[in-house]
1. Which ³J(HN,Hα) values in Hz, rounded to whole numbers, follow from the phi angles of the stretch 112-122 under the Karplus curve 6.51 cos²θ - 1.76 cosθ + 1.60, where θ = phi - 60° and Gly and Pro get x?
2. Stretched out fully, how many nm does the piece from A27 to Q15 gain, at 0.36 nm a residue minus the Cα gap?
3. Can you spot the aspartates and glutamates whose alpha carbon is less than 15 Å from K83's alpha carbon? Ignore those fewer than 8 places along the same chain.
4. So for each of 9-20, 76-87, 109-120 I average, over its residues, the number of other beta carbons within 10 Å; can you give me the resulting order with the highest mean first?
5. Grab the beta carbon distance between K94 and L117, set R0 = 30 Å, and tell me the FRET efficiency rounded to 0.05.
6. In whole Hz and in residue order, list the ³J(HN,Hα) couplings for the stretch 69-76 that follow from phi through the Karplus curve 6.51 cos²θ - 1.76 cosθ + 1.60, θ = phi - 60°; x for Gly and Pro.
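Just so you know, all these numbers are worked out from the coordinates, no wet-lab data involved. The structure displayed is predicted, hence computed values, not measured ones. We place every Cβ from the backbone using ideal geometry, glycine too, and count neighbours over all the protein chains shown.
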Amino acid sequence: MKTQKQRSMAKYLAQIVVMGAQVIGRAFAKALRQEFAASRAAADARGRAGQQSAAASNISGMTLQEAQQVLNVTTLSPEEIQKNYEHLFKVNDKLVGGSFYLQSKVVRAKERLDEELKIEKQDQSSQTRSKTQQHPET
């Protein structure tokens, strides 16, 4: 039979475990709410083109910012992207002691930035079309 002391210790231990779980649960819920709010704010800031960009991020598995960091570009300049891509691809070639993993990251980053350039081009052409439709020449 358990003594009174053992039963009270078990009771306190159970209470500590329950309180710990509650604290962790609240912290997780708060972090989740903050992440949703930040996600929503970022999506609102990006607008319609942002939806396409987010879809491209999901497809490629890489965000625009990550792709820019991998290729070391700050602007979406096709020339700069191509130049950095070629350099990093050659440097990370396995034949010269590079890393296949890094080389594949470089390729994915290039694909992601190319997709973003395509989205920007489509957005610009749709804006041009809408302006033309609003002010047709007579």
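1. Taking θ as phi minus 60°, the curve returns 5, 5, 4, 5, 5, 4, 5, 5, 4, 5, 5 Hz for the stretch 112-122.
2. 2.5 nm
3. E111, D114
4. 109-120, 76-87, 9-20
5. 0.60
6. 5, 4, 8, 6, 10, 9, 10, 8
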